[in-house]
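Chemist: Dumping the structure here so I can ask a few things about it.
The values are calculated or read from the model by the stated rules, or taken from the named source; none is laboratory data. Owing to the predicted nature of the structure, the values given are computational and were not obtained by experimental measurement. For neighbour counting, all protein chains shown are included, and Cβ atoms are generated from backbone atoms with ideal geometry for every residue, glycine included.
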Amino acid sequence: MTLITAIGLLAGTLTTLAFIPQVIKTWKSKSAEDVSLEMFVIFCLGVFLWLIYGFLLQDIPIMIANLVTLILASTILGFKLKYG
């Protein structure tokens with residue numbers, strides 16, 4: 001593994017892990033009142049496009065980070081739609 005790949009994986013891991021506390025908080029409280037629907041729709045679309053970009057480049061750090069981020073952000077978006 002090159003240093004560049006390691007940096008990419010670390011950056012992706014940290015930015016992806018940042019969503020876990022919000023997922024847990026929203027799940028436990030069953031409230032997504034303070035979550036912006038518009039922001040998460042736009043964000044999920046952007047992350048989806050990053051995922052496509054990563055696949056087109058065959059860039060593993062981009063693919064993994066954005067796939068996991070999309071799952072977590074989509075979970076929050078789903079909670080927003082379910083719990084409002």
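Chemist: Checking the condition modelled with pLDDT of 90 or more and crowded, with 16+ Cβ neighbours inside 10 Å, which residue from V35, V47, V41 passes? Let's see the steps before the verdict.
Modeler: Values: V35 fails: modelled with pLDDT of 90 or more; V41 fails: crowded, with 16+ Cβ neighbours inside 10 Å.
Testing whether each residue is modelled with pLDDT of 90 or more and crowded, with 16+ Cβ neighbours inside 10 Å leaves just V47.
Chemist: Need pairs with beta-carbon distance below 8 Å; first residue over 15 Å from A11 (Cα atoms) and of a type in the set (S, T, Y) and within the stretch 45-67, second part of a helix (DSSP H, G or I) and modelled with pLDDT under 95; sequence gap 6+ or separate chains.
Modeler: Every condition considered, the pairs that remain are Y53/I62.
Chemist: Moving to a separate point now. Here are the criteria: (1) surrounded by fewer than 14 Cβ atoms within 10 Å (Cβ to Cβ); (2) out of contact with any helix residue (DSSP H, G or I) (no Cβ under 8 Å at 6 or more places or on another chain). Tell me which single one Y53 does not satisfy.
Modeler: (2)
Chemist: To continue, here is another question. Look through the stretch 1-18, keep the residues that are modelled with pLDDT of 90 or more and outside any helix (DSSP H, G or I), and return whichever of them is surrounded by the fewest Cβ atoms within 10 Å (Cβ to Cβ).
Modeler: Within the stretch 1-18, the match that is surrounded by the fewest Cβ atoms within 10 Å (Cβ to Cβ) is T2.
Chemist: Right, something else. When the stretch 63-84 is examined, which residues are found to be assigned to a helix (DSSP H, G or I) and farther than 17 Å from L51 by Cα? Outline the logic, then answer.
Modeler: Just the residues of the stretch 63-84 that are assigned to a helix (DSSP H, G or I), to begin with: 63-83.
Correct list: I76, L77, G78, F79, K80, L81, K82, Y83.
Chemist: Please go through the stretch 1-36 and give me each residue that is out of contact with any Lys or Arg (no Cβ under 6 Å at 6 or more places or on another chain), aliphatic (A, V, I, L, M) and in contact (Cβ under 8 Å) with a residue 24 or more places away in the chain, ordered by number. I'd like the intermediate steps shown before the answer.
Modeler: Filtering the stretch 1-36 for residues out of contact with any Lys or Arg (no Cβ under 6 Å at 6 or more places or on another chain) gives 1-31, 33-34, 36.
In the following step, the residues that additionally are aliphatic (A, V, I, L, M) were identified as 1, 3-4, 6-7, 9-11, 14, 17-18, 20, 23-24.
Those that are out of contact with any Lys or Arg (no Cβ under 6 Å at 6 or more places or on another chain), aliphatic (A, V, I, L, M) and in contact (Cβ under 8 Å) with a residue 24 or more places away in the chain: L9, A11, I20, V23.
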